[in-house]
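In what follows, a single structure is set out as structure tokens and then discussed.
The values are calculated or read from the model by the stated rules, or taken from the named source; none is laboratory data. The structure displayed is predicted, hence computed values, not measured ones. We place every Cβ from the backbone using ideal geometry, glycine too, and count neighbours over all the protein chains shown.
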Amino acid sequence: MLGPQSMPTRMAKVTLLRKSPVSAYLKLNKWIWRRLPPSLTTLPPFRSYGNLLQRLVRISTARRQYFGTFFLRNRPQLELIRRLSNQRGLGFTLKIAFLGCSNGAEVYSILRTIRSRRPDLKVIAHAVDISKEILEVAQNGVYSLKAPQLVGEPIFARMNGDELQDMFDVDRARDEVRIKTWLKEGIIWHLEDAASPELLNVVGPQDMVVANNFLCHMTPPTAERCLRNIAHLVTPTGYLFVSGIDLDVRTKVALDLGWRPIQDLMEDIHDGDPSVRGDWPWRYWGLEPFNKRRRDWKLRYASAFQLDVQCEGQISSPQTGSLALERDSKPKKTYPLKISLFGNFGQGNLGNDCTLQAILYNLRQRRPDVELNCICTGPEAIATIHNIAAVPIHDIFVTPGLLSSNPLARFLRKVFIGIPHELYRWLKAFNTLKGTDMFIVPGTQFLSDNLT
Ligand SMILES: C[S@@+](CC[C@H](N)C(=O)[O-])C[C@H]1O[C@@H](n2cnc3c(N)ncnc32)[C@H](O)[C@@H]1O
């Protein structure tokens, strides 16, 4: 698909009278496309055609790096980072690295998200960029309101007045804003190449690694090498956020290395950066319309991953670079795990309900992609409190007491209610447990006979 000899690649290279017919063809298509209603351009045949145009754009446009960025760029991604940082215990030291940090807008936006919601966490950030001049802007944290230095984008366009006041000290006389101290502290800035083999030694292992919107400007082989290098930074229970990258490259590396895609807010994050999303198919940012008809959509469109929870402790210090590299040679299967819990939950028994809560907390922390359901005695309460699917252990259709005095009524109840109901319960049980990878019965007195 990415091969240099493919048909679109050859077409893109053709020139007539020093002009590229492909470029003229794209211009004409763009002119027509922009005049069509979105209800039409989102239809599957138009999407397929858009994908072809996007391939032409990708191969006919020279790859070059940009500094473009925004404060509060992708709100759903910020929300996911908030949720995941919320899993950490009180006073936890959270290490987070930003690669391709540009002028720091992304760094300060994410730090604001975490620090404002979890002031107890000690957040230590490492911010990396390959450009000295943009890194200086980031480190200074002072931005012109009229013409932000080096960046061609309206970097404040996605903030409201309150957010601006929250993050900056505003100097109206100079028409500039200065990042507040509570956001500026605890950041170590590095002039470094994200593809450098020294990266792990420089930055060290991280609980969260953010690598957005710079890998798409590399050729696919370079982006792949760089992404594999970046992955070495992530601790075994850590998370990688990577968007703005060739989707084929990300999917390939995720599959090879057995990454677990985080499904939470996946579609919102995919569509959460309006400028990037709106540019399709005319500019190449490594994005395509979210397409649930693809068999691999749960992996292809995920931009947050948990890399490896099984090899806990494998990377413990920046010096263990060689150990970390060994992970590449052990591909693992990635699939969303389905776990069913069975027990006497949701009835107000403190011990049982605490057991369930502890299990759910740990499962969600280690496998955020897990699909959970609970077969229990108090399904309504469990579904409400824990936000999981819950079904009753025992459905009662007709109270036997009402009919038990009459033998004929008892017989008819058995034939017309009891037997079909039993079959229905079996079917329901099979349906609930279908595809279950693990079935957990954590005691709760079910192995005694006082409840049955
Ligand atoms: C388009 S900006 C993205 C900024 C920010 N990550 C965001 O998503 O808003 C890309 C940044 O990545 C930096 N960059 C490009 N290649 C890099 C590399 N190999 N290592 C580190 N930074 C790189 C560029 O200098 C630029 O500042």
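Numbers below:
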quantity	calculated
Residue in region 220-235 that is assigned to a loop (DSSP other than H, G, I, E, B), within 15 Å of the ligand (Cβ to nearest atom) and in the same structural domain as residue 94 (by TED's automatic domain parsing) present	yes
Helices (runs of 4 or more DSSP H) enclosed by region 27-138 - at least 3 residues per element that are near the ligand (Cβ under 10 Å from one of its atoms)	105-117
Any hit, region 368-387, residues being assigned to a helix (DSSP H, G or I), modelled with pLDDT of 80 or more and within 17 Å of residue 438 (Cα to Cα)	no
In region 56-90, residue farthest from residue 134 (Cα to Cα) [restricted to those that are of a type in the set (D, E, K, R) and in contact with a Phe, Trp or Tyr (Cβ under 9 Å, 6 or more places away or on another chain)]	58
Residues that are charged (D, E, K, R) and either within 12 Å of the ligand (Cβ to nearest atom) or out of contact with any Gly (no Cβ under 7 Å at 6 or more places or on another chain) (or both), drawn from region 186-219	192, 193, 198
